[in-house]
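Undergrad: Could you have a look at this structure, given as structure tokens, before my questions?
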Amino acid sequence: MNFKMMGQFVAKILGVEAAFMLPALLMSLFCGESAAARGFLGALAAIAVVELILVSSCRNAQRGFHEKEGLVSVGVGWVVLSLLGCLPFYLSGAIPSYVDAFFEIVSGFTTTGASILPEVESLPRSILYWRSFSHWLGGMGVLVFLLAIAPAEGSDGFTMHLLRAESPGPSVGKLVPRMKKTASILYLIYIALTVLNVLFLLVGGMPLFDSVCTALGTAGTGGFGIKNDSIAGYSPYLQNVTTIFMFLFGVNFSCYYLLLLKDFRSVFRDEELRLYLGLAACSIGAIALNIRSLYETWEETVRHSAFQVATVMTTTGYATTDFDLWPSFSKTLLLCLMVVGASAGSTGGGLKVGRLMLLVKGLRRNIRQLLNPRKVEVVRNNGTAVDEKILANTNAYLAAYVLIIFGVFAVISLDGFSTGTNFSAVLACFNNIGPGLEAVGPTCNFSAYSPLSKLVLSWAMLAGRLEIFPILVLFSGSTWKRR
């Protein structure tokens, strides 16, 4: 295990965090928010101390770097990022409990959007900005950003281990031959879509600060709102713009790269994209028919239906209405979409549409082989045979996914909330969605849970965002052996 090189990468991650915390500090000084300014200064000082310790103790690191180091670097990096990233909340007094502050920032970085705050409009603007920006930084991934801007180090295999550990989906490939350029392309597309989102919101009359924070949460598919009613108080135009961009950020970013190359044929034939859009369209139609009697017009019905399908399926977590009051069929369908999630290679969470597609195709192949034992059949995606290792990893992921859900569900059930509250809370946190049902619904929050449950749910958010394995390997004894 190359501990020194991993320490160097954690130090670089903290450097990125400190750099992105500076605009929030400047905003607090400009707005005269003295308590927030003290919080950001204290956090930056703590980051500087930890970074200095890591840099001084990890000099002369050897360049050997393998998949295990990649997994551990990402897992440890995100935990340290959260432990220090929550300090502005805690030191400023915006969130007096460190456990609550940790839960809030983990929810931000993992783009979950679950909150312990009963109301947010009284918070300093700089705190609201940092809270929303944590979504944007966590959406594409801090290590992907680091790989995009840092000087090239080591081989492509070295950067591939890092990118594979942090990027969502059953498999990670290169858009171009060099991994550094791949990371750069991903972030350029990410930035361009975010800026476009801000512009469309400004056209609709949303204030600049609101537009930026809303776009940051939409891009990262996070869902931290700066209003107590989330997006409900904005105009139908602004709600529709947010709906469209939530769906756009739930698409595999490789599709956008293919569009830039004018390879429209490959995009239109992409099986995952077609399934993603098909599931969304069918869900919107089914829910709209089910809730028609709750709203005055079809326009309002379809708008709320489309928004909630988008926010749940892309695991964003914004809300325009209290969907916990909807009929059981609609709530059940939304729970199913919580599990499915967005596309692989997007900023969304959940099981992923691509992974679901592979599981269904693998199941179909197994049934056919039972009926025809001598027949050799391969699973194909977009006409290409899928590697058996990817199928095995997908099955292992599903097993871990189910075990973690029931394990976390059992632990937080100690708090005595209803089964519906606890189960939806686990799904909402583990799939990085945000609001659940009943006591953790769109108009409620997670503050009533005990400190133990909040820490366990924070762990679930990290595991869900990092595709489980980078967090699980931290608890394996063999991970920390030098050989």
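The values are calculated or read from the model by the stated rules, or taken from the named source; none is laboratory data. Here the structure is a predicted model, which means the values were calculated and not measured. All Cβ positions, glycine included, derive from the backbone under ideal geometry; neighbour counts span all protein chains shown.
Undergrad: Outside any helix (DSSP H, G or I), within 22 Å of GLY138 (Cα to Cα) and in contact (Cβ under 8 Å) with a residue 12 or more places away in the chain, is that true of ILE95? Give the derivation first.
TA: Values: outside any helix (DSSP H, G or I): yes; within 22 Å of GLY138 (Cα to Cα): yes; in contact (Cβ under 8 Å) with a residue 12 or more places away in the chain: yes.
It is true that ILE95 is outside any helix (DSSP H, G or I), within 22 Å of GLY138 (Cα to Cα) and in contact (Cβ under 8 Å) with a residue 12 or more places away in the chain.
Undergrad: Still on this model: Could you check the range 309-323 and list, in sequence order, the residues that are assigned to a helix (DSSP H, G or I) and more than 15 Å from SER230 (Cα to Cα)?
TA: Passing the criteria: VAL309, MET313.
Undergrad: Of everything in the range 215-243, what is assigned to a helix (DSSP H, G or I) and either of a type in the set (Asp, Glu) or without any contact (Cβ under 8 Å) to a residue 40 or more places away in the chain (or both)? Give them in sequence order. Before the answer, list the steps.
TA: Step one: of the range 215-243, the residues assigned to a helix (DSSP H, G or I) are 215-219, 236-243.
ALA215, TYR237, LEU238 - these are the residues of the range 215-243 that are assigned to a helix (DSSP H, G or I) and either of a type in the set (Asp, Glu) or without any contact (Cβ under 8 Å) to a residue 40 or more places away in the chain (or both).
Undergrad: Which numbered condition trips up LEU146, out of (1) at pLDDT 90 or above; (2) surrounded by fewer than 24 Cβ atoms within 10 Å (Cβ to Cβ)?
TA: (1)
Undergrad: In addition: Quick test for you: out of SER458, SER447, SER413, pick the one residue that is in contact with a Phe, Trp or Tyr (Cβ under 7 Å, 6 or more places away or on another chain) and among the hydroxyl-bearing types (Ser, Thr, Tyr).
TA: On the way: SER447 fails: in contact with a Phe, Trp or Tyr (Cβ under 7 Å, 6 or more places away or on another chain); SER413 fails: in contact with a Phe, Trp or Tyr (Cβ under 7 Å, 6 or more places away or on another chain).
Going through SER458, SER447, SER413 in turn, the sole match is SER458.
Undergrad: From the residues in the range 202-245 that are under 22 Å from THR301 (Cα atoms) and among the hydrophobic types (A, V, I, L, M, F, W, C), which one is nearest to the chain's Cα centre (by Cα)?
TA: PHE245
To keep it simple, each residue is scored yes or no on (1) surrounded by 23 or more Cβ atoms within 10 Å (Cβ to Cβ); (2) closer than 30 Å to SER453 by Cβ; (3) modelled with pLDDT under 95.
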| position | (1), (2), (3) |
| --- | --- |
| LYS12 | no, no, yes |
| SER28 | yes, no, no |
| SER56 | no, no, yes |
| ALA61 | no, no, yes |
| THR110 | yes, yes, yes |
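Undergrad: Under the condition of being part of a helix (DSSP H, G or I) and polar (S, T, N, Q), which residue from the range 286-308 is farthest from the chain's Cα centre (by Cα)? Break it down stepwise before answering.
TA: Kept after step one, since they are part of a helix (DSSP H, G or I), are these residues of the range 286-308: 286-294, 298-308.
Next, from what is left, pick out any that are polar (S, T, N, Q): 290, 293, 301, 305, 308.
Working: ASN290: 29, SER293: 34, THR301: 28, SER305: 22, GLN308: 17 Å.
Restricting to residues being part of a helix (DSSP H, G or I) and polar (S, T, N, Q), the top hit is SER293.
Undergrad: How many residues, within the range 447-477, are touching a residue at least 40 places away in the same chain (Cβ under 8 Å), touching a Leu at 6+ places or on another chain (Cβ under 8 Å) and surrounded by fewer than 16 Cβ atoms within 10 Å (Cβ to Cβ)?
TA: Adding up the residues that qualify gives 2.
Undergrad: Looking at this structure, is TRP136 part of a helix (DSSP H, G or I), over 18 Å from SER254 (Cβ atoms), at pLDDT below 95 and in contact with a Gly (Cβ under 6 Å, 6 or more places away or on another chain)? Full working, then the answer.
TA: Numbers: part of a helix (DSSP H, G or I): yes; over 18 Å from SER254 (Cβ atoms): yes; at pLDDT below 95: yes; in contact with a Gly (Cβ under 6 Å, 6 or more places away or on another chain): yes.
Yes.
Undergrad: Somewhere in the range 97-107, is a residue modelled with pLDDT of 95 or more, closer than 18 Å to ALA463 by Cα and of a type in the set (Asp, Glu)?
TA: Yes, the range 97-107 contains at least one residue that is modelled with pLDDT of 95 or more, closer than 18 Å to ALA463 by Cα and of a type in the set (Asp, Glu).
Undergrad: Oh, and also: Could we say that PHE245 is touching a helix residue (DSSP H, G or I) at 6+ places or on another chain (Cβ under 8 Å), modelled with pLDDT of 95 or more and either of a type in the set (D, E, K, R) or closer than 30 Å to ILE191 by Cα (or both) here?
TA: yes
Undergrad: So, of the residues in the range 248-280 that are assigned to a helix (DSSP H, G or I) and charged (D, E, K, R), which turns out to be farthest from THR347 (Cα to Cα)? Outline the logic, then answer.
TA: Applying the first criterion (assigned to a helix (DSSP H, G or I)) to the range 248-280 yields 248-249, 253-260, 264-268, 271-280.
From what's left, charged (D, E, K, R): 265, 271-272, 274.
Details: ARG265: 24, GLU271: 19, GLU272: 15, ARG274: 18 Å.
Ranking the candidates gives ARG265 first.
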